[in-house]
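Working notes for the structure below.
Every read-out reported here was derived from the displayed coordinates using simple, explicitly stated rules and does not represent laboratory data. These numbers were taken from a predicted model, which means no experiment stands behind them. Glycine also receives a Cβ, built like all others from the backbone with ideal geometry; neighbour counts cover every protein chain displayed.
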Amino acid sequence: MLKNKTVTFTQRVINAIKSVPRGKVATYGLIALAAGNPRGARQVAWTLHSVTEKEKLPWHRLINSQGKISLPKGGGYETQKELLIEEGVAFDRQDRIDLDRFLWKPRVHRR
DNA sequence: AACCTGACTTCGG
DNA sequence: TCCGAAGCCAGGT
């Protein structure tokens, strides 16, 4: 199997994001962690930009650690919020998502 | 090869 | 709880 370490962090990030189930959300840091790089949160966001269209990833399920949408209003914020609500994710009065209820906990690669 | 940028995270006040 | 500053990683120019 892949002894090939050239498998980029990006590849694993894509895989992790694809694993996020409908109705759940994940933070960038969490994905980064699942991909094996706790410090690569920024890279996760960046990667998302490059492969969302190609891989058709559920980009709207990614939020920041504060439980809020990172996109600016008018820049996708509203779209993301709509999509999440469609999936049953709720927002509180401060536009934050209740992570205790909707945060998806990825399985760390065993072995 | 060096420098810049970003859909982040964490810490301190 | 909110705001600002520093840290980190990889791709783009």
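Do any helices (runs of 4 or more DSSP H) entirely within segment A:34-111 hold 3 or more residues that are touching a residue at least 24 places away in the same chain (Cβ under 8 Å) and either of a type in the set (A, V, I, L, M, F, W, C) or closer than 17 Å to residue A:24 by Cβ (or both), and if so, which?
It comes to A:41-51.
Can you pull out every residue in segment A:26-36 that is in contact with a Phe, Trp or Tyr (Cβ under 9 Å, 6 or more places away or on another chain), closer than 27 Å to residue A:98 by Cβ and within 11 Å of DNA strand C (Cβ to nearest atom)?
Listed by number, the residues that qualify are A:32, A:35.
Can you pull out every residue in segment A:26-59 that is hydroxyl-bearing (Ser, Thr, Tyr) and over 9 Å from the mean Cα position of the chain (by Cα)?
Within segment A:26-59, A:47, A:50, A:52 qualify.
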